[in-house]
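Here's the structure we're looking at; comments come further down.
The values are calculated or read from the model by the stated rules, or taken from the named source; none is laboratory data. Since we're looking at a predicted model, the values are computed, not measured. Here the Cβ positions follow ideal geometry from the backbone for every residue, glycine too, while neighbour counts run over all protein chains shown.
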4 protein chains.
Amino acid sequence: MPPKRGYQLSKDDYLRRLRRIEGQVRGLQQMIEDDRYCIDVLTQISSVSAALQGVSVGLLDEHLRHCVVEAAAGGEADTEQKLIEASEAVSRLLRS
Amino acid sequence: MPPKRGYQLSKDDYLRRLRRIEGQVRGLQQMIEDDRYCIDVLTQISSVSAALQGVSVGLLDEHLRHCVVEAAAGGEADTEQKLIEASEAVSRLLRS
Amino acid sequence: MPPKRGYQLSKDDYLRRLRRIEGQVRGLQQMIEDDRYCIDVLTQISSVSAALQGVSVGLLDEHLRHCVVEAAAGGEADTEQKLIEASEAVSRLLRS
Amino acid sequence: MPPKRGYQLSKDDYLRRLRRIEGQVRGLQQMIEDDRYCIDVLTQISSVSAALQGVSVGLLDEHLRHCVVEAAAGGEADTEQKLIEASEAVSRLLRS
């Protein structure tokens, strides 16, 4: 098996990261229940947001690899559609 | 009871939002399990990130209200500390 | 000439947008000189940041189109390199 | 004169930073004129965005200090208004 390069994540990587994020979100609920200091909760939220961004970049990388494979196979119309979707997705991520 | 103004959230509001976010993160795992289209997963992640930001802004508002109450009560040193923490928290949120 | 689609910007579009952004940044300096209300300056900064993001998404789209053209032409090694660069660029944009 | 603490910037600090940002935006125009590699332009844009965020956090800190001074002086209605404006400004920054 070749080593993973760049931002490529496997299905298992995504699931592992998302389960960790789910646990962090449950941790946030506990922090609120326990009336923890706002700033500590905010720090934890920043960490969840960064983890979600890691997943996003992995998914975008995956999408782009599909584009490129399709382009190499000569599927021009689909490639154009996928490129537009990629730019729209980046736009949404930057705004969220 | 006076109406809620601006970004003020109650403990129940936070918990309700965080439970909803937890459900969305579980939904993301299901999307990955089902091999859903990358772009659809990315759209859902943008929505989770936006929901987390809503919680952040509420918490920051709460923190600032504590600063202000403290300042009105004459607690200058604590207020300075809280203001620095607020700016650091905003900095971290903008970078995450 | 075919119509522009999606996020494709021409060299002139980029230059026009960047000159407008330059003007906005000079406007920010004037606002500071004139001791304008912090919140009004912040609103203007949000607008400059959004304009810069528009330029970024255009550039990323352009980069991806180069990847795809290269992939279609069979340049596999270069494509891999460009895909990694694209993901790294998105990562940096999300963190800035 | 006491040392500057936390995120407090003087009028001169703001102007110096904004002039530097203006220079960076002119540099971006030159990069486009010179057909520089997209990814290099994107890296430079990330740096401009981060610099703008530094200015934003300074302005927000300043705004919050005004709130707190006002609160300490007993101006409750104005303080409420300023707190709402602060949360709205953070919301806009997070979305831009």
(request) Return yes or no: is residue B:83 modelled with pLDDT under 95 and surrounded by 19 or more Cβ atoms within 10 Å (Cβ to Cβ)? (result) yes
(message) Restricting to the range C:33-88, name every residue that is touching a residue at least 24 places away in the same chain (Cβ under 8 Å), touching a Ser or Thr at 6+ places or on another chain (Cβ under 8 Å) and aliphatic (A, V, I, L, M).
(response) C:52, C:57, C:60
(request) Within the range A:9-45, track down each residue that is modelled with pLDDT of 95 or more and small (Gly, Ala, Ser). (result) A:23, A:27
(message) Of the residues B:58, B:54, only one is under 18 Å from residue A:92 (Cα atoms) and within 14 Å of chain D (Cβ to nearest Cβ); which?
(response) B:54
(request) Could you please let me know if residue B:44 is under 19 Å from residue A:89 (Cα atoms) and polar (S, T, N, Q)? (result) yes
(request) Just give me the residues in the range A:34-61 being of a type in the set (Asp, Glu) and either surrounded by 17 or more Cβ atoms within 10 Å (Cβ to Cβ) or under 10 Å from residue B:96 (Cβ atoms) (or both), in sequence order. (result) A:61
